[in-house]
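Nothing in this text is a laboratory measurement; each read-out follows from the coordinates by a stated rule. Not measured: the values here are computed from a predicted model. So basically every Cβ, Gly included, is an ideal-geometry build from the backbone, and we count neighbours across all protein chains shown.
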Amino acid sequence: MKKVIVTGGLGFIGSNLISLLLKKKYSVINVDKVTYSANFYNVREFKKVANYKFIKADINDKKKLKQILNRYKPKIIFNLAAETHVDRSIDGPENFIKSNILGVFNLLEVFKKFSKNNKVCKLIHISTDEVYGDVLKGRSKEDDKYKPSSPYAASKASSDHLVSSYIRTYKIPAIITNCSNNYGPKQHPEKLIPKLIYNILNNKNLPIYGKGLNSREWIHVEDHCNALIKISEKGSIGNFYNIGSNINLNNLKITKTLINISKRKLKIGNNVKIKFVKDRPGHDLRYALNSNKIIKKLKWRPKISIFNGLEKTFDWYFKNPGYYSKLKKKDIVRRLGKSR
């Protein structure tokens with residue numbers, strides 16, 4: 001049974017990745033430092049699974065990381081430990097520097113030494129399309145220039161550069177992935193789609209930045225996680241891989257689609273109305289990825305259509321009210337990212 005480590009496994013993408021890995025009979029060690037966005041509800045179904053183990057640890061803790069790697073000797077490390085919310089990074093960038101840059105540096109230092117004696121192990125570093133910045137036309141390719149706009153995007157760009165430099169200088173066996181906007185079950189409601197669903201279910205206004213025209217390429221988290229597993233198995237060391245759906249929708253279209261989905265399933269309250277609010281600073285208008293490389297080289301394609309995916313996502317939150325109850329209400333309803 002192949003042993004893997006997932007850092008940040010209590011979070012959205014990490015917990016969904018663990019679910020797929022366990023179904024594929026991997027042995028999974030979940031390493032998470034348990035921040036505000038971590039949620040044990042996300043892994044409740046794994047508690048009694050023999051080939052699943054949770055360890056509380058920060059990737060900045062080199063001593064603990066070294067102990068974990070030397071004890072379990074994983075074949076793959078999926079690094080998903082990160083601060084990810086743009087608005088939060090605008091209000092307070094420091095945690096993003098600590099987690100996304102210093103944390104990756106410390107992980108790389110430990111992995112550099114570990115991989116010398118464990119040559120079959122590889123590191124998959126998971127990043128974002130936001131490193132490319134505003135893409136008004138066309139789609140970003142793997143060798144395009146990085147132009148991050150927010151402290152969050154800049155911290156992820158920095159982590160990508162660090163990993164890339166360690167690949168070249170120290171010959172570590174690592175791969176970097178950049179994915180478009182994920183959606184699906186178990187996502188913290190500070191993000192657009194689960195926030196909208198929460199507000200629909202609780203008869204609240206639906207806040208949309210600016211005029212709602214900001215466009216994102218949306219991919220269901222299950223498609224993303226399948227791509228990560230494919231890359232870990234078939235990807236070439238030292239490569240970057242974009243992971244996207246090639247489907248862009250603006251925030252207004254996403255919101256109207258969720259309203260229509262909800263109307264088929266329940267009687268929505270009178271307060272469930274779109275409310276345009278002041279835009280956040282430095283808000284990129286459009287992200288879009290060129291994913292031809294992974295499609296052609298690794299024969300991967302997304303399978304879940306955006307509209308089916310949104311319905312499945314709404315259904316999950318509707319049937320899992322316990323998810324929201326495990327989070328602090330202020331982290332769900334508070335508006336962030338207003339600093340100028």
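Counting only alpha carbon atoms, the long axis of helix 306-319 and the longest principal axis of the chain meet at about 80°.
Result for the chain in a Gaussian network model with C-alpha springs under 10 Å: among Phe96, Phe12, Phe54, the largest mean-square fluctuation is at Phe54. The C-alpha atoms of segment 124-272 occupy a region whose extents along the principal axes are 59, 30, 24 Å, arranged from largest to smallest. Against the empirical curve 2.2 N^0.38 Å, the C-alpha radius of gyration of the chain lands at a ratio of 0.96.
Would you grab the residues whose amide H sits under 5 Å from the one on Ser140? Only those 5+ places off in sequence or on another chain, please, with H modelled 1.01 Å from N. Amide H to amide H, under 5 Å and 5 or more residues apart or across chains, Ser140 pairs with Ala288, Leu289, Asn290. Using only side-chain charges placed at the Cβ, +1 for Lys and Arg and -1 for Asp and Glu, the dipole size of the chain relative to its Cα centre rounds to 840 debye. Amide H contacts under 5 Å for Phe54: Asn30, restricted to partners 5 or more places along the chain or on a different chain, H placed in the peptide plane at 1.01 Å from N. GNM on the chain, alpha-carbon springs under 10 angstrom: the most fluctuating residue among Leu80, Leu201, Leu136 is Leu136. Compared with the direct C-alpha span, the chain from Lys119 to Arg168 gains 16.0 nm at full extension, assuming 0.36 nm per residue. Beta bridges from DSSP with both residues in the chain: antiparallel share about 10 percent, rounded to the nearest 5.
Percentage of Cα-Cα pair distances in segment 22-136 greater than 17 Å, rounded to whole percent?
61
Take segment 1-79, compute every pairwise Cα distance, and split them into 5 Å bins from 0; I just need the percent in each bin. Calculated over all Cα pairs of segment 1-79, the distribution is 3, 17, 31, 26, 17, 6, 0 percent. The residue among Asn308, Pro148, Ser164 whose Cα reaches farthest toward the positive pole of the charge dipole of the chain, with charges on the beta-carbon of Lys, Arg, Asp and Glu, is Asn308. To the nearest ten degrees, helix 103-117 and the longest principal axis of the Cα atoms of the chain are 30 degrees apart. When you work out D = kT/(6 pi eta Rh) for segment 101-202 at 25 °C and 0.890 mPa s, using the Kirkwood radius from C-alpha pairs as Rh and the Stokes-Einstein form, the result is 157 µm²/s. Distant-in-sequence amide contacts of Lys3, defined by a placed amide H-H separation under 5 Å and a gap of 5 or more residues or a different chain, comprise Ser27, Lys75. Helix content alone sets the calculated 222 nm mean residue ellipticity of the chain: runs of n ≥ 4 DSSP H residues at -39500 (n - 2.57) each, divided across all residues, give -12000 deg cm²/dmol.
Annotation for segment 87-177: trypsin sites (Lys or Arg not before Pro) lying in DSSP loop with at most 11 further Cβ atoms inside 10 Å of their Cβ are Lys119, Lys137, Lys145.
Expressed as an acute angle from 0 to 90° and rounded to the nearest 10, what is the orientation of the C-alpha long axis of helix 221-234 relative to the principal long axis of the chain? Tilt relative to the chain: about 20 degrees. Summary of the geometry: segment 226-300 and segment 131-150, compared by the centres of their Cα atoms, lie 16 Å apart.
Cα-based Rg of segment 202-340 per 2.2 N^0.38 Å, rounded to two decimals?
Its radius of gyration relative to the 2.2 N^0.38 Å reference: 1.24.
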